[in-house]
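Heads up, the thing below is written out as structure tokens.
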């Protein structure tokens with residue numbers, strides 16, 4: 001059962017990823033991204049990370065992507081025009097990417113120790129309780145710092161986007 | 001009793017006149033210049049009086065100049081009888097010429113510069129003569145070469161003068177290169193450059209019958225002498241050096257500098273005694289030069305050029321003398337030559353000065369009524385150089401020829417023939433200048449006293465100098481081997497008189513005959529009149545190829561191409577090229593930057609993966 | 001019954017998603033799309049963290065993933081604000097035309 005789920009949602013994720021790259025209109029790309037995030041949430045559930053899965057849907061899908069779509073609609077971003085200024089990225093990008101994936105695949109298969117299989121239900125340790133425990137004891141300092149970071153981000157965004165756009 | 005004062009006074013004269021001369025009045029300049037040489041001369045006389053009889057040498061050591069490993073060279077000065085003769089000649093004749101120059105240079109520009117250079121020359125020449133090792137002598141040697149350049153090129157606004165100065169210096173340099181090699185070889189062989197130590201060292205060495213290190217040393221030193229004393233093949237600078245003012249020609253190119261070569265050979269006679277092959281070479285070149293230059297002297301029309309070739313020829317005689325072992329005879333001739341050659345040049349200068357620069361014999365004539373003192377003194381000099389019996393040249397030339405006869409008879413006959421030629425061309429010049437009708441455009445009259453008094457003094461010396469028995473006096477330095485040969489005396493004297501008679505015949509009695517003889521000789525005359533085209537040969541075979549190499553290989557090839565092009569500009573171009581390439585990294589395009597970052601991170605992953613190892 | 005999925009597949013999936021994100025970053029010209037590719041990259045890394053957390057049965061991976069999410073949200077906010085400003089000043093959303101830092 002988990003295998004089937006994995007295969008379906010992995011394929012969905014990859015297809016949405018390709019769609020993100022190949023679509024011309026930003027709105028289509030945004031929707032593809034939402035698809036990717038949702039599939040990833042399911043995969044997290046398969047891996048026993050229930051809190052993360054929920055957080056993924058709420059934060060990413062609910063907040064970040066909505067923000068993206070707001071901005072796309074605000075700026076009235078249309079379809080892209082062709083340009084050939086960045087020749088290096090266009091020519092060297094594909095070979096580098098293939099190389100990248102190949103290297104990583106090789107490293108994962110060859111260099112890492114033997115990895116266990118994934119079965120849903122083998123581990124339920126990703127509960128909110130466990131995360132809360134770690135977050136407020138061992139990772140307290142990063143937690144506080146992250147809070148300040150968010151505060152700064154809010155202030156920055158407000159300052160930058162202050163004036164009205166006609 | 002300090003020997004260093006002898007060259008010191010002229011040095012002070014040079015410094016004072018050189019630095020302050022522009023602001024001083026002419027009489028003060030005169031006082032400094034003449035005064036320094038006069039003081040030097042008086043000091044020499046006093047010194048020699050005090051040191052007499054001077055049977056052994058007297059030397060003074062001042063400080064160690066070079067100390068390097070086994071080589072120790074001190075700044076030493078040294079006086080023996082040979083040095084004494086030279087000192088008297090240099091300071092005495094030099095003093096007379098300095099006095100003469102007051103009159104000659106009276107209307108010329110650069111008055112103080114002339115006298116400061118003359119004083120500098122005296123300093124270096126005295127240093128050369130007084131030196132007690134080869135290195136100090138070389139310092140003096142180079143220094144007189146420098147002064148020769150400065151003085152020959154005195155009229156530096158004229159091309160021919162500066163060219164002549166360059167030629168003198170460069171040709172001298174070639175000789176000096178040989179001299180330096182000789183010095184190096186001496187250091188290697190004897191571990192010292194001191195004359196007394198070398199003499200002691202060579203006394204233990206056998207006489208070289210085949211070519212050995214002593215022959216090499218002596219031949220190399222002789223190369224230097226051919227440069228400085230204008231022998232074949234490096235004589236070509238002396239006739240051109242007549243571009244300088246006439247007192248310069250008298251002092252440097254007749255009496256003192258050109259005799260440095262002969263003096264050098266006499267000074268290291270102990271080396272030459274052990275290398276008979278080198279001595280043969282010296283004698284041969286001396287003889288060849290003597291007759292070669294005499295033939296050219298016959299055809300010249302410029303009075304200074306005639307005397308210049310005469311100098312070359314007489315120097316050949318001196319080298320012939322020392323080459324056959326008659327060192328004292330050679331020095332004797334050096335002394336008498338200083339007297340009559342300086343007189344000849346000063347007399348010519350007197351004529352040139354009064355004719356406002358005219359030097360061509362064809363535009364002179366009949367001057368004996370206008371310039372009587374010059375007429376009589378030049379007559380004395382001409383008789384002396386021709387070896388007329390009783391005059392100084394007769395005794396000295398005869399001493400040489402007697403020694404030559406004892407050495408090899410065929411050299412003697414050529415030498416005698418050259419004596420006849422000498423008489424001929426000198427009297428040709430004399431008759432053309434003073435007899436006949438005046439063929440020029442000026443109004444000549446006698447020179448002022450400041451010029452004629454030195455002429456008279458020199459005439460007295462030229463006439464009576466032969467009675468100073470120099471060879472006998474030098475016998476403490478050079479053992480007297482030769483003695484006067486009566487038949488040789490008569491033969492050489494008769495050839496001299498024959499030359500005078502023929503000159504009288506051709507130039508006073510039947511002038512037209514000279515012209516017809518000249519056209520009859522035709523191509524032979526042209527060859528000799530053009531100095532056997534030696535200068536042209538040198539230009540074609542040596543100067544032009546050297547110039548070509550300098551221009552095309554060294555200048556265009558190495559300097560412009562290699563150093564400028566490849567190294568300097570090439571470096572600049574390379575940096576610019578690389579800069580141009582690297583500039584493109586900063587394209588301003590975010591995507592390019594991202595791509596580069598991605599590539600870099602991929603590299604890091606690969607490296608880390610490799611470092612981590614694969615299982 | 002299908003065999004269970006080895007963990008390495010999750011990691012390879014993460015790699016592929018990351019590569020897709022990079023591809024989007026390199027090949028798309030609109031700034032907003034580039035930002036979305038960045039988000040995709042961050043998500044791929046999150047998956048990798050969670051997968052390793054599963055392997056070692058530790059919760060730390062989830063914590064890291066949480067932090068990444070927070071930072072990504074903050075970055076998206078500020079980044080979009082910057083895009084707004086750039087659009088105000090340059091009038092364009094093509095990143096190729098924002099190249100005044102060019103030599």
Looking only at region A:66-105, count how many residues are more than 10 Å from chain B (Cβ to nearest Cβ), surrounded by 19 or more Cβ atoms within 10 Å (Cβ to Cβ) and either closer than 17 Å to residue C:18 by Cβ or modelled with pLDDT of 75 or more (or both). 4
How about region C:31-54: which of its residues are facing chain A (nearest Cβ under 9 Å) and out of contact with any helix residue (DSSP H, G or I) (no Cβ under 6 Å at 6 or more places or on another chain)? C:39, C:54
Considering residues of region B:187-202 that are in a helix (DSSP H, G or I) and either touching a helix residue (DSSP H, G or I) at 6+ places or on another chain (Cβ under 6 Å) or not assigned by TED's automatic domain parsing to the domain that holds residue B:253 (or both) only, the residue surrounded by the fewest Cβ atoms within 10 Å (Cβ to Cβ): B:199
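For region A:117-138, state whether one or more residues are closer than 30 Å to residue B:611 by Cα and either facing chain C (nearest Cβ under 8 Å) or touching a strand residue (DSSP E or B) at 6+ places or on another chain (Cβ under 6 Å) (or both).
yes
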For residue C:67, the lone unmet condition from (1) surrounded by fewer than 21 Cβ atoms within 10 Å (Cβ to Cβ); (2) farther than 24 Å from residue B:596 by Cβ; (3) more than 7 Å from chain A (Cβ to nearest Cβ); (4) within 15 Å of the chain's Cα centre (by Cα) is (3)
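Checking the condition over 24 Å from residue B:246 (Cβ atoms), in the same structural domain as residue B:220 (by TED's automatic domain parsing) and either in a helix (DSSP H, G or I) or under 15 Å from the mean Cα position of the chain (by Cα) (or both), which residue from B:94, B:178 passes?
Numbers: B:94 fails: over 24 Å from residue B:246 (Cβ atoms).
One residue alone meets the criteria, B:178.
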Quick one: in region C:55-64, of everything that is within 20 Å of the chain's Cα centre (by Cα) and more than 7 Å from chain A (Cβ to nearest Cβ), which residue is modelled with the highest pLDDT? C:64
If you go through region B:12-46, how many residues are out of contact with any helix residue (DSSP H, G or I) (no Cβ under 8 Å at 6 or more places or on another chain) and either closer than 21 Å to residue B:93 by Cβ or not assigned by TED's automatic domain parsing to the domain that holds residue B:106 (or both)? 3
Hey, does region C:76-99 have a residue that's crowded, with 24+ Cβ neighbours inside 10 Å, facing another protein chain (nearest Cβ under 7 Å) and more than 22 Å from residue A:69 (Cβ to Cβ)? no
Could you pull out the residue among B:205, B:137 that is touching a helix residue (DSSP H, G or I) at 6+ places or on another chain (Cβ under 8 Å) and closer than 22 Å to residue B:57 by Cα? B:137
Per-region count, region B:99-114, residues part of a loop (DSSP other than H, G, I, E, B) and in contact with a helix residue (DSSP H, G or I) (Cβ under 6 Å, 6 or more places away or on another chain): 1
Determine which member of the set B:169, B:177, B:184, B:123 is surrounded by fewer than 17 Cβ atoms within 10 Å (Cβ to Cβ) and closer than 28 Å to residue B:314 by Cβ. B:177
Identify, from the list B:478, B:505, B:495, the residue that is free of Cβ contacts under 8 Å to residues at least 40 places away in the same chain and farther than 21 Å from residue B:359 by Cα. B:505
Which of the following residues is in a helix (DSSP H, G or I) and at pLDDT 90 or above: B:160, B:117? B:117
Could you say which residue among B:42, B:11 is at pLDDT 85 or above and within 27 Å of residue B:466 (Cβ to Cβ)? B:42
The condition from (1) free of Cβ contacts under 8 Å to residues at least 24 places away in the same chain; (2) on the phi > 0 side of the Ramachandran plot; (3) more than 14 Å from chain C (Cβ to nearest Cβ) that residue B:588 misses is numbered (3)
Check region B:341-352 and report whether any residue there is surrounded by fewer than 24 Cβ atoms within 10 Å (Cβ to Cβ), in a helix (DSSP H, G or I) and in contact (Cβ under 8 Å) with a residue 40 or more places away in the chain. yes
Condition check for residue B:423: closer than 19 Å to residue B:338 by Cα, part of a helix (DSSP H, G or I), in the same structural domain as residue B:494 (by TED's automatic domain parsing) and at pLDDT 85 or above: yes
On the basis of being farther than 30 Å from residue C:90 by Cβ, without any contact (Cβ under 8 Å) to a residue 12 or more places away in the chain, facing chain C (nearest Cβ under 9 Å) and touching a helix residue (DSSP H, G or I) at 6+ places or on another chain (Cβ under 7 Å), does residue A:108 make the cut? yes
Every residue in region B:187-237 that is in contact with a strand residue (DSSP E or B) (Cβ under 9 Å, 6 or more places away or on another chain) and more than 18 Å from residue B:267 (Cβ to Cβ), please. B:191
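The values are calculated or read from the model by the stated rules, or taken from the named source; none is laboratory data. Owing to the predicted nature of the structure, the values given are computational and were not obtained by experimental measurement. Glycine also receives a Cβ, built like all others from the backbone with ideal geometry; neighbour counts cover every protein chain displayed.
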